[in-house]
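Below: one structure, written as structure tokens.
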Amino acid sequence: MKRMLWLIPALAALALTGCGSQKTEPLPAKPAVPTIVFATNPTPLHVNQEGSLTATVTVNTDPVKQATVEFEIWGDSDAANHEKLPAASDDNGHYSIKKTFAKADIYHVTIHTTTRDVHTMPTVEFQVAP
């Protein structure tokens, strides 16, 4: 009888282990980070002439049609003064603003881009010529 006492806890542990089957859920995939290509038209931009700043937003070469894009712009000579402008979409992944610059400078633009899953903020520089 004493020899059988060890068998009771072992059988109980075995029975409980069988009841505790867990399903393993796959981890959610990481959201794809968009690729942003910046361009000005004309290149370079010129003082007191309207030009366009465009960000082309893609994920795996597919255009992102429903993003929110803002351009945060500042010049080297006035780095404390940032201007943030919402971009308009053409529904093909191109987000643009039209702007006239009053002085020649090296400018920087942070392209605040928010897609359904990701917010990214690349910064590039461009020139405004006299």
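The values are calculated or read from the model by the stated rules, or taken from the named source; none is laboratory data. These numbers come from a predicted model, not from an experiment. Note that each Cβ is placed from the backbone with ideal geometry, even for glycine, and that neighbours are counted across all protein chains shown.
Pairing each residue of the range 74-102 that is at positive phi with any residue that is loosely packed, with under 11 Cβ neighbours inside 10 Å and modelled with pLDDT of 95 or more, provided the two are 6+ apart or on different chains, yields no C-beta distance under 6 Å.
Do you know which of the residues in the range 97-113 that are loosely packed, with under 15 Cβ neighbours inside 10 Å and part of a strand (DSSP E or B) is farthest from the chain's Cα centre (by Cα)? Only one residue fits best here, namely I106. Could you look through the range 45-96, keep only residues that are of a type in the set (S, T, Y) and not in a strand (DSSP E or B), and pick out the one that is surrounded by the fewest Cβ atoms within 10 Å (Cβ to Cβ)? Ranking the qualifying residues of the range 45-96, first place goes to T61.
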